[in-house]
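The values are calculated or read from the model by the stated rules, or taken from the named source; none is laboratory data. This structure is a prediction, so every number in the text was calculated from the model and none was measured. Because the Cβ atoms are built from the backbone with ideal geometry, glycine has one as well, and the counts that use them run over all protein chains shown.
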Amino acid sequence: MLYLVATPIGNLGDITMRALDVLRTVDYIASEDTRHTGVLLQHFGISKPQIAFHEHNEARAGARIIGLLHEGRDVALVSDAGTPGIADPGFTLVRRAIAEDLAFTVVPGPSALIGALVMSGLAVHSFTFRGFAPRKPGPRRRFLAVDGAAPHTLIYYESPYRLVALLRDALAVFGDRQAAVVNDLTKRFELVQRGSLSMLVAHHEATTPRGEYVVVISGAGATRATGTDDDASTAADAEVVDGQE
């Protein structure tokens, strides 16, 4: 059996009992970063052989894992954080397992995109997860424009180095919509900032972004950036909320 095991996105206490049971009983653990996973395993007193499985060796490592599954071995696949396959390696291995009729399952757990969506205060009944935007400005704006008319809440992952660029381009493409920037979910300095895109751009231009970010943007026609009662609590400025400063 192949197990796709979700791991904590920050707080190690968020790991599930089932995830720990699986990690303790499988024959091998395939890891995006064996050193990172080693810290997790050591914290919970687990000792298992690891196989490096990342974007640069997916084909070769995937073939080894498929071979182990054919031999009747159990393998757990983990990424550095969250669910394997979601903006992390794992999709190609799932496709190979399906093609070769090998059993696999998901061990669910923490998810940055779901946590950020709920904490954003934006509509949760319908949303689109878009992952990481392209690095270069032109492709990034075209990437954003695909969803320009979509009524669904939009969710993006971004690094601290390109956060401001993403927010600027989102403002240019979407207009001044309501949005939220969620930083380091479940960690000690978890941060949620809500406001219009223009306010969020101004705030992050004046600071130095650090950590991992999720950007949540309201869909087309959801709300105006200013001028409605619903916006009154967030339109004053793009301040840190939820007790964090």
May I ask you to say which residue of Ser111, Ser120 is closer than 17 Å to Arg18 by Cα and among the small types (Gly, Ala, Ser)? Ser111
Using beta carbons and a limit of 7 Å, which pairs, at least six apart or on different chains, have the first residue in the range 139-155 and closer than 13 Å to Leu167 by Cα and the second one modelled with pLDDT of 95 or more and exposed (fewer than 13 other Cβ atoms within 10 Å of the Cβ)? none
Here the residues within the range 94-112 that are among the aliphatic types (A, V, I, L, M) and modelled with pLDDT of 95 or more are Val94, Ala97, Ile98, Ala99, Leu102, Ala103, Val106, Val107
With the condition kept exactly as written, say whether any residue in the range 18-27 is not in a helix (DSSP H, G or I) and not assigned by TED's automatic domain parsing to the domain that holds Gly211. yes
Could you check the range 106-209 for helices (runs of 4 or more DSSP H) lying wholly inside it with 2 or more residues that are within 16 Å of Ala220 (Cβ to Cβ) and small (Gly, Ala, Ser)? 163-174
Considering the range 6-29 alone, what residues qualify as being polar (S, T, N, Q) and crowded, with 19+ Cβ neighbours inside 10 Å? Thr7
When you go through Gly82, Gly115 one by one, which is the residue that is of a type outside the set (Ser, Thr, Tyr), in contact (Cβ under 8 Å) with a residue 40 or more places away in the chain and at positive phi? Gly82
Apart from one, (1) surrounded by fewer than 18 Cβ atoms within 10 Å (Cβ to Cβ); (2) on the phi > 0 side of the Ramachandran plot; (3) not basic (Lys, Arg) all hold for Val146; the odd one out is (2)
Could you list, in sequence order, all residues of the range 42-59 that are under 21 Å from Ile86 (Cβ atoms) and modelled with pLDDT of 95 or more? Gln50, Ile51, Ala52, Phe53
